[in-house]
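Structure record follows, encoded as structure tokens.
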Amino acid sequence: MSLYVRAARHAWRMLGVVGFGVLLVVTVDRLYGHSNIAFAAAILLLLITNAPMLRFNCPRCGKNAFFRGVFVVPWPNRVCSRCHLDLAETHTQNR
């Protein structure tokens with residue numbers, strides 16, 4: 001499986017976790033009133049789920065697929081912005 005496909009799956013997983021976090025906060029708010037614990041739980045869930053993002057690096061130069069300069073974006077590059085390697089192709093270094 002290519003780096004781009006794995007990174008795109010991570011992006012979709014993050015979208016699902018964001019939706020779940022919103023539902024968690026809204027549900028707790030409706031059932032028990034305003035709770036900082038629900039916000040903290042949603043933020044912690046997002047941090048834990050997003051940690052693998054730092055492992056989606058170009059096999060040739062090491063640049064992360066989600067970084068555009070100094071900015072982090074929610075969808076990965078299909079082509080590395082530093083060495084122009086096609087990340088959608090399967091490379092032997094990807095696992």
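Coordinate-derived values only; no laboratory data. Fair warning: this is a prediction, and the values are worked out from it, not measured in the lab. Positions of Cβ are generated from backbone atoms using ideal geometry, with glycine treated the same way; all protein chains shown enter the neighbour counts.
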Worksheet item: Which ³J(HN,Hα) values in Hz, rounded to whole numbers, follow from the phi angles of segment 69-85 under the Karplus curve 6.51 cos²θ - 1.76 cosθ + 1.60, where θ = phi - 60° and Gly and Pro get x?
Response: x, 8, 9, 9, 10, x, 10, x, 6, 7, 10, 4, 7, 9, 10, 6, 6
Fill in: Vicinal HN-Hα couplings computed from phi for segment 39-44 (Karplus, 6.51 cos²θ - 1.76 cosθ + 1.60; Hz; Gly/Pro x)
5, 5, 5, 5, 5, 4
Item to complete: Tell me which residues come under 5 Å, amide H to amide H, from Asn64 once H is placed; ignore anything under 5 positions away on its chain.
Response: Cys58
Worksheet entry | HN-Hα J in Hz across segment 57-65 - Karplus 6.51, -1.76, 1.60, θ = phi - 60°, x for Gly and Pro | 10, 4, x, 8, 10, x, 6, 6, 6
Discussion item. With unit charges on the beta carbons (Lys and Arg positive, Asp and Glu negative) and the dipole taken about the Cα centre of segment 3-72, which residue among Val26, Ala7, Asn36 sits farthest to the positive side?
Written reply: Ala7
Practice prompt. Compute the whole-percent fraction of alpha carbon pairs in the chain spaced more than 21 Å apart.
Written response: 42 percent
Practice prompt. Add +1 for every Lys or Arg and -1 for every Asp or Glu among the other residues with Cβ under 15 Å from the Cβ of Val72, and state the total.
Written response: +3
